[in-house]
Structures are given as structure tokens and as C-alpha cells.
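Worksheet: one structure, shown below.
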Amino acid sequence: MKKSPIWILARKELTILFNAPATYVIAVIFLMITGWFFVSPLFEMNQSSLETFIRPLPLILSFLVPALTMRSFAEEFKAGTIEHLTTLPIEDHEIVIGKYAAALGMIGTLMAFTLFYPLVLFLIGHPDAGQLVGTYVSILGLASFYAAIGLWASALTRNQVVAFIIGFFMCFLFFLLGRMADYLPGILAAFVRDLGVESHFDALARGVLDTRDLLYWISGDIFFLAACLMGVQSRKWR
């Protein structure tokens, strides 16, 4: 059975990520920070909750995800391998989807290690299983959105550092929008708040499954992946 070119590219990208020392540095830092946020209230206040783990994630992931995606296209443009890649029997949109799938696979692997936190809660207490599921659906939505932004940023430049800065700036901007809404009047405040990630992230993390939140993540993914595709098509022959 012939394998999909998307799958082949995604596996290749994942292999590169797993072989990069920087990936492990990023992973260790992420797990140390989230582990501290989770464990500290257990000892300080004797409380068992994922709230302290969840609350800083929109900010933490705004650093983490662009760091994982910054090389995706920037390195291809810098090394000149994008020309070789586009001569293979694979469409431009399949290249974008393959790299996106690899980024999600890497992020999913990191998040799998955090499943230890809800396991601890089940051992020492009786957490709401529905809320835990909603929490990880919310994390997946946020991470997929940030990954699409990170790929788009990487398609804009040949420099990985510049790609990281652009990706972080955009992710951080969407994080800040919810905070900025508090200082705006009426309808404008509601509009800006809905554009930000926090309101959608918090709703799902509370176990409130709303199609509007799911549509927010999906439409955001599609928008930035489409922008990434246009960026790749405009730059690949430069």
C-alpha cells in the first residue's frame, strides 16, 4: 500500500525534531515549569487541581510552540532544499499539512508527559473527569492554533530566530487581546475578547463544550495555514 506523501513528510519532520538537541532543552524547560505550577499548590495549600497548571499555558505555549516550529520552512529556504522538496511528487498544500502534522505530533508527545498530573489527581482525590477531558481538548485547540501561526511565521523568512520572534509576537498578541478587552468599552470589548485565545481556552478548560470555541480554533488554524501556503508559494523560487 502506497503511503501518503503527507505522512512521509510528517515522519521525516518528526525525526528531525526528535534528533535536535534544542527540542529536548525546550521539552525539559516546559515540563519543569508546568510541573512546578502543578506541584506547588499540593504542598503549599494541600489542594489537588489542574488550575495552576492550566492558567499559565496560553503564555507558556506562546514561547514553546514558535520555538518548535521556527525551523520548519525557514531552514528549507536557507539551505535551498525547498526547491528539491517542491520537485518531489507532493503538492504545496501537502507540504504545509505534513509539517503541521509533525508540529502537532511533537506537541502531543510533550503533552502526553503531562498526563501524569491528572493521574496524580485521581490517586489523591476525585477530580471531574469531564473537566479533565475539556482541559486537554482546550490545550490541543490552543496548541494547534499556535502551531499554525508558527508555521506561517517560518514561511516568511530564512532566519529561524526571526521566525521565532514573529511567531512569538503573534501568539503573544492573541494572548494579550483578552487582557486588553478589559480596558475597552462595551461591544468593542466583547469583540476583542472573542478574538483573543484566553476566553475560548478557559471555557473549554472548565468543561464547557461550545461549538463557537471549536470553530474559533478550526477557523484560526485554516486561516494561518492558508497564509503559510501563500507564503511558501511566493518564496520557494526566490
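The values are calculated or read from the model by the stated rules, or taken from the named source; none is laboratory data. Keep in mind the model is a prediction, meaning the values are calculated, not measured. Methodologically, a virtual Cβ is constructed for each residue, glycine included, from the backbone with ideal geometry; neighbour enumeration extends over all protein chains shown.
Among the residues of region 184-238, those that are aliphatic (A, V, I, L, M), assigned to a helix (DSSP H, G or I) and under 30 Å from PRO127 (Cβ atoms) comprise ALA203, LEU204, ALA205, LEU214, LEU215, ILE218. Number of residues in region 131-177 that are within 12 Å of the chain's Cα centre (by Cα), within 18 Å of ASP210 (Cβ to Cβ) and buried (at least 23 other Cβ atoms within 10 Å of the Cβ): the value is 3. Going through region 178-215 one residue at a time, which ones are on the phi > 0 side of the Ramachandran plot and surrounded by fewer than 16 Cβ atoms within 10 Å (Cβ to Cβ)? Hit for region 178-215 is GLY186, nothing else.
Being at negative phi and modelled with pLDDT of 90 or more, is that true of even one residue in region 38-58? Among the residues of region 38-58, at least one is at negative phi and modelled with pLDDT of 90 or more, which makes the answer yes. Answer yes or no: is there a residue in region 4-14 that is assigned to a helix (DSSP H, G or I), crowded, with 16+ Cβ neighbours inside 10 Å, in contact with a Pro (Cβ under 8 Å, 6 or more places away or on another chain) and modelled with pLDDT under 85. Yes, because at least one residue in region 4-14 is assigned to a helix (DSSP H, G or I), crowded, with 16+ Cβ neighbours inside 10 Å, in contact with a Pro (Cβ under 8 Å, 6 or more places away or on another chain) and modelled with pLDDT under 85. Has region 60-71 got any residue that is at pLDDT below 85, within 22 Å of ALA155 (Cβ to Cβ) and touching a Gly at 6+ places or on another chain (Cβ under 9 Å)? Taking every residue of region 60-71 in turn, none turns out to be at pLDDT below 85, within 22 Å of ALA155 (Cβ to Cβ) and touching a Gly at 6+ places or on another chain (Cβ under 9 Å). Checking each residue in region 136-160 for being assigned to a helix (DSSP H, G or I), within 12 Å of PHE73 (Cα to Cα) and out of contact with any Phe, Trp or Tyr (no Cβ under 7 Å at 6 or more places or on another chain) picks out GLY150, ALA153, GLN160. Filtering region 180-192 to residues that are in contact (Cβ under 8 Å) with a residue 12 or more places away in the chain and in contact with a Lys or Arg (Cβ under 9 Å, 6 or more places away or on another chain) leaves MET180, ALA181. Exactly one of (1) touching a Leu at 6+ places or on another chain (Cβ under 9 Å); (2) under 23 Å from ASN19 (Cβ atoms); (3) small (Gly, Ala, Ser) is unmet by GLY141. Its number? Result: GLY141 fails condition (2) only.
Being more than 19 Å from the chain's Cα centre (by Cα) and either under 28 Å from LEU17 (Cα atoms) or assigned to a helix (DSSP H, G or I) (or both) holds for only one residue in PRO127, PRO118, and it is PRO118.
Among the residues here, PHE224 does not qualify as buried (at least 20 other Cβ atoms within 10 Å of the Cβ), in contact with a Pro (Cβ under 6 Å, 6 or more places away or on another chain) and not polar (S, T, N, Q).
Does LEU204 satisfy the criteria of being touching a residue at least 60 places away in the same chain (Cβ under 8 Å) and over 24 Å from GLU51 (Cβ atoms)? Taking the combined requirement at face value, the residue does not satisfy it.
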